[in-house]
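Here the structure is laid out as C-alpha cells; the discussion comes afterwards.
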Amino acid sequence: MGIPTLDDLAVDGTTVGIRVDINSPLSDSGTLADDARLRAHVDTLNELLDRGGRVAILAHQGRPGGDEFARLEDHAARLSDLLDHPVEYCDATFSADARAAINLLEDGQAVLLENTRFYSEEYMEFPAEKAAETFLVERLAPELDAYVNDAFAAAHRSQPSIVGFPCRVDSYAGRVMERELDVLSNIEETPTPRVYALGGAKIADALDVAESVLDRGLADTILTSGMTGNAFLAASGVDVGEPSESAILDRDATAIDQAAELLDEYGEKIHVPDDVAVSRDGDREEVDVADLPVDAPALDVGEATIAAYADVFETAGTAILNGPPGVFEEDAFALGTREIFGAAASAEYSIVGGGDTAASLRQLGIDGFDHVSTGGGAALRLLTGGTLPAVEVLRQDSEA
Ligand SMILES: Nc1ncnc2c1ncn2[C@@H]1O[C@H](COP(=O)(O)OP(=O)(O)OP(=O)(O)O)[C@@H](O)[C@H]1O
Ligand SMILES: O=C(O)[C@H](O)COP(=O)(O)O
C-alpha cells in the first residue's frame, strides 16, 4: 500500500492520537441511533490499547448548525461498552484541559476528546502544511508520539484533524483505513465479470461512477435502478411520467442528458429497468415499461427487473453496489433492494459503498458481503478513480 500501518508502529508506552469517523445518525433525543461506525473502529482501538498505547481519540459529529451537531459524551460511553478497555470522555478538544487529560493517560487507557468541529478551523479545508498550523494541530501535536488516521469515511476532507498531523508527527493508517484502501483502490484486481449495481437518489454521483468505471474498462455490466434507473429509462426514450421525471430533474437538471450520452457510448453494457413499482397512495403498483407513463412516482424496480438483475449476479465475479434500488425505508418499496442486494451477496466477491446503501443492508438484514465500506463520499472518490487527501498526506509523510 506504500503507507505505514500499525505493523510499523512501536505502540507500547507511547501516546497515540487517533482520528476516527464515528459520525452517526442521532435519535430525536440526541442519543446514538446507529453504532455501526463505532463498531468499525473497535479492532484498531483494541489493538492500540492491548499493545500498551495511551490513546487520545479525535472525531467529529455532524456539521455546525446541523441537527446532528453534538457532543461526544454518548459516543464515549458506547465505545467503552464496545471496547475491552474503558474510554474516558473529555469535553475539550485541545485546550489545557484536553492536554491534561492526555497527560493523565496510562498505558492501555483512552480518552475521547470533544467534537473537533466545535472549533471553526476544523470545518475548513486547508492544504496539509496550512492545516498543520491550525490551533488544534499546533496544540495537540506536541503531546503525541504518533498519529493514526483510521477515519476512512472522512478521508476526502482536507480538514486539520485529517491532514494536519502527518506534517508534525510520525503517522500511520489504522486498520479500517488499511482495509478500505486495500479493497477500494484495487478494484481492477477483483474477479470478472464485474457488475456494478447503481441506484439511489444521488443520480449525479451514480453517473460519475458509471462514466469512470466504463471509461477505465472496469465495468462489464451496469445494472441501473432507483432514481438513477428512472433517469436511464428517461434517457433511453421512455416517458416515465411527470412525477418521476420532475423528481429526477429536481435532483439534477442535466442527469437525463448525461445518462443518454453514456447509453450512446456504452449502451450494450448498461441495463435499464423492464418494469417499475409506482406508489398509489402509498401502495405498490407494478407497471411494465411499455405501459408508462403513469401519473405516480416510480419508487422501486418491478419484479421482472428484479429477476433479470438477479440472473446477472449468478455469473458475476465481482458485485459492486452503490445506491439502493428503491425507497427501502418504506416496506412497499423495499422489495427491489432486498432481492437485488440479496442476489448480489452470492457473487464470488462483493463490495458495498455508500452510507445509505450500507444502512439499507442493516435495516433489511442482508449480509454475506466481502466488504461493506464505512465511507460515502470517500468510497465514491475511490470508485471514480480519485485520490483522498488523508491518504496522500500519509504517503508523503512516509516518503519524506
Ligand atoms: N426510485 C426512487 N425514488 C426516490 N428515492 C429513491 C428511489 N430509489 C432509492 N431512493 C432513495 O435513495 C436514497 C439513498 O440514495 P443515495 O444515492 O443517497 O445512496 P448512497 O450512495 O448509499 O448514499 P451516501 O453514500 O450519500 O450516504 C434512499 O434514501 C432511498 O429511499
Ligand atoms: O458521514 C460522512 O460522510 C463523514 O463523516 C464526513 O462527514 P461530512 O460530509 O460532514 O464531512
**Message:** I'd like the Kirkwood hydrodynamic radius of segment 178-324, using the inverse of the mean 1/r over distinct C-alpha pairs, in Å.
**Reply:** 15.5 Å
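Over the chain, what is the relative contact order in whole percent, taking alpha-carbon pairs under 8 Å and six or more residues apart?
Numbers: 880 pairs, mean separation 62.7, N = 400.
So the answer I get is 16 percent.
Taking segment 232-274, which GluC sites (Glu not before Pro) meet the DSSP loop condition and have no more than 14 other C-beta atoms within 10 Å?
none
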**Item:** Alpha-carbon centroids, segment 358-372 and segment 220-259: separation in whole Å
**Value:** 26 Å
**Request:** Given the options Glu348, Glu339, Glu329, state which has the largest fluctuation in a GNM of the chain using a 10 Å cut-off (strictly under) for Cα springs.
**Result:** Glu329
**Fill in**
For segment 185-255, listing trypsin sites (Lys or Arg not before Pro) in a DSSP loop whose Cβ sees at most 14 other Cβ atoms within 10 Å gives Arg216
**Histogram of C-alpha separations across the chain, 10 Å bin width, %** = 5, 22, 29, 22, 15, 6, 1
**Message:** Students often check this: by mean Cβ neighbours within 10 Å, which of 11-17, 387-393 ranks highest, and how do the rest follow?
**Reply:** 387-393, 11-17
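Restricting to Cα pairs below 8 Å that are 6+ residues apart, what does the relative contact order work out to for segment 192-347? Please round to a whole percent.
Values: 324 pairs, mean separation 45.9, N = 156.
About 29 percent, as a whole number.
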**Fill in**
Rounded to the nearest 5, the percent of antiparallel DSSP beta bridges in segment 192-347 equals 45 percent
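Have a look at the DSSP beta bridges in the chain and tell me what percent are antiparallel, nearest 5.
Numbers: 10 of 48 bridges.
In the chain, approximately 20 percent of DSSP beta bridges are antiparallel ones.
Ignoring everything except DSSP H segments at least 4 long, calculate the 222 nm mean residue ellipticity for the chain; use -39,500 (n - 2.57) per segment, divide by total residues, nearest 500.
On the way: 16 runs with 147 residues, N = 400.
Counting only the DSSP helices, I get -10500 deg cm²/dmol.
Since every read-out is calculated from the coordinates, none of them should be taken as a lab result. Quantities reported herein were computed from a predicted structural model and do not represent experimental measurements. Note: ideal-geometry Cβ built from the backbone for every residue, glycine included; neighbour counts use all protein chains shown.
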